[in-house]
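Student: Would you mind keeping the following structure in view while I ask a few things?
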Amino acid sequence: KNFDESIGYLNKNYPNGLPIDGNYEKNASFVTEVYMGRGAAAMFLGKNKEAVKDFDVALKTSPKPYAHMYMNKCRALIRLEEYKEAADALDSAQGLDAKWLSGKEDKPRICDILSQNGLQPLACRAKS
């Protein structure tokens, strides 16, 4: 609920996006966190389409995307059986922080699912 209220406030007060000023990066980081939080909550509740939409907004808004953002998007896409997009998200996570990704417990399972669906993303071919 708090995420929805925060996003509603931002959309109402900044319909054309955040102002580009000295606080832009700080504000964009805040907006990114709000969308990532709401997306994670949606994914937890099984609302994976909503989660992917929020993750996409977060990734677009973020001044500096992180691997965990793409990994969360990958997880939601796997649940939606959108495997090609999931593989792309996994590779984006790999490109941003391969060491971090190699330590994720669910990476082998994700790679297995993608492989079973005819995909072999670079992240799954990389040595862990």
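The values are calculated or read from the model by the stated rules, or taken from the named source; none is laboratory data. The shown structure was predicted, so the numbers you read here are calculated from the model rather than taken from an experiment. Every residue, glycine among them, receives a Cβ derived from its backbone with ideal geometry; neighbour counts consider all protein chains shown. Note: accessible area is taken over every heavy atom of the protein model, side chains too, but ligands, DNA and RNA are not part of it. Shrake-Rupley method; radii C 1.70, N 1.55, O 1.52, S 1.80 Å.
Student: Once you have all Cα-Cα distances for region 79-120, histogram them in 5 Å bins from zero and send the whole-percent values.
Tutor: 5, 24, 33, 26, 12, 1
Student: Run the paramagnetic zone check for residue 122: 7 angstrom along Cα to Cβ, then residues of region 65-109 with backbone nitrogen under 13 Å.
Tutor: It comes to 88-98, nothing else.
Student: Name the lysines eligible as straight-distance cross-link partners of residue 104: C-alpha to C-alpha under 30 Å, and not fewer than 8 places from it in the same chain.
Tutor: Cross-link targets: 1, 26, 47, 49, 53, 60, 64, 73, 84, 127.
Student: Specify which labelled value, from (1) 19, 18, 14; (2) 26, 17, 16; (3) 29, 16, 11, agrees with semi-axes √(5λ) of the Cα gyration tensor in Å derived from the coordinates of the model shown.
Tutor: (3)
Student: Per residue, how much accessible surface does region 74-116 expose to a 1.4 Å probe? Answer in Å², no decimals.
Tutor: On a per-residue basis, region 74-116 sits at 55 Å².
Student: Compute the angle between helix 83-96 and the longest alpha-carbon principal axis of the chain, please, reported from 0 to 90 degrees and rounded to the nearest 10.
Tutor: For helix 83-96, the angle is close to 80 degrees.
Student: Taking the chain as the reference, fit the longest principal axis to its C-alpha atoms, fit the long axis of helix 48-61 to the helix C-alpha atoms, and give the angle between the two in degrees, 0 to 90, nearest 10.
Tutor: 70
Student: If I compute solvent accessible area with a 1.4 Å probe over the protein chains, what percent of it on the chain is carbon and sulfur?
Tutor: 49
Student: Now a separate question. Run the simple label-point estimate for residue 47 and residue 109 please: 7 Å along Cα→C-beta, distance reported in nm.
Tutor: Taking the two extended label points, one gets 2.3 nm.
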